[in-house]
1. How big, on average over all directions, is the shadow cast by the Cα convex hull of segment 89-142, in nm²?
2. I'd like the orientation of helix 6-15 relative to the chain: the angle between its Cα long axis and the longest Cα principal axis, in ° from 0 to 90, rounded to 10.
3. What number, rounded to the nearest 500 deg cm²/dmol, is the helix-based mean residue ellipticity at 222 nm of the chain, given -39500 (n - 2.57) per DSSP H run of at least four residues and division by all its residues?
4. Does anyone have the angle between helix 39-49 and the longest principal axis of the chain? Alpha-carbon axes, 0 to 90°, nearest 10?
5. Once every Cα of segment 6-74 carries one equal point scatterer and solvent is ignored, give the base-10 log of I(q)/I(0) from the Debye formula at q = 0.13, 0.18, 0.22, 0.29 Å⁻¹, two decimals.
6. Any idea what Rg and Dmax come out to for the chain if you just take the C-alpha atoms, in Å?
7. May I ask for the angle, rounded to the nearest 10°, between helix 22-33 and the longest principal axis of the chain, with both axes built from Cα atoms and the value confined to 0 to 90°?
8. What dipole magnitude, in Debye to the nearest 20, does segment 20-140 give about its Cα centre under +1 on Lys/Arg Cβ and -1 on Asp/Glu Cβ?
Amino acid sequence: MTTMTDAAASDALRTAGLKATAPRRSVLRVLETHKHADAAEVFAAVRDDLPDTSLQAVYGVLGALTEAGLVRRIEPAGSPARYERRVGDNHHHVVCTSCGAVEDVNCVIGHAPCLTPSNTSGFSIQTADVTFWGLCPACQATA
C-alpha cells in the first residue's frame, strides 16, 4: 500500500475547500494506512508527526474531513466511531463479533444504493448502510 504524500494530502484538502493545515494533512495520511481507525488510533499515529496535538483537535479534524467528504464515518454497534478514506461508493462493512475487526464489503448487487427499501416514507434515498456481523478468520481459528 502506498502512503499519501504531503503534497497529495494538501491537494485533496484544497480541492475539498479546506485549508491544508498540518493536522489535516497528517490525519489524511494516517487514514490511508489505518483503515477503519477510531479517533484514539488516529490520535496515537498523528502524535508521531505532531507531538503537540490533542485528541480533541483530532476529533475536530475528523469532523471537518467527514463534512467535506474526504472521510467516511462508520458507527458499528458497541464500538466507537471509525473513520475511513474510502468514500463515495456506498460499500458496506463486516464486523467481527469477537474482536471488533472491521473490513469492507463491496455493494452486494446493482448500483448505489444497492438496496431498495419497500417503503421510503417520502424520503429520497441516497445510500444504504449495511453491517454484516460474524467471526473474522483469526477468531474462527481460536474458537
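Please treat every number below as a calculation from the coordinates, not as lab data. Only a predicted model underlies this, so the values are computations on that prediction, with no experimental measurement involved. Methodologically, a virtual Cβ is constructed for each residue, glycine included, from the backbone with ideal geometry; neighbour enumeration extends over all protein chains shown.
1. Details: hull surface 18.2 nm².
Averaged projected hull area, Cα only: 4.5 nm².
2. The angle comes out near 70 degrees.
3. About -11000 deg cm²/dmol.
4. 30
5. -0.29, -0.58, -0.89, -1.54
6. Rg, Dmax (Cα atoms, Å): 16.7, 51.
7. Here the helix axis deviates by roughly 40 degrees.
8. Values: 10 positive and 13 negative charges, 29 e Å.
Dipole magnitude for segment 20-140 comes out near 140 debye.
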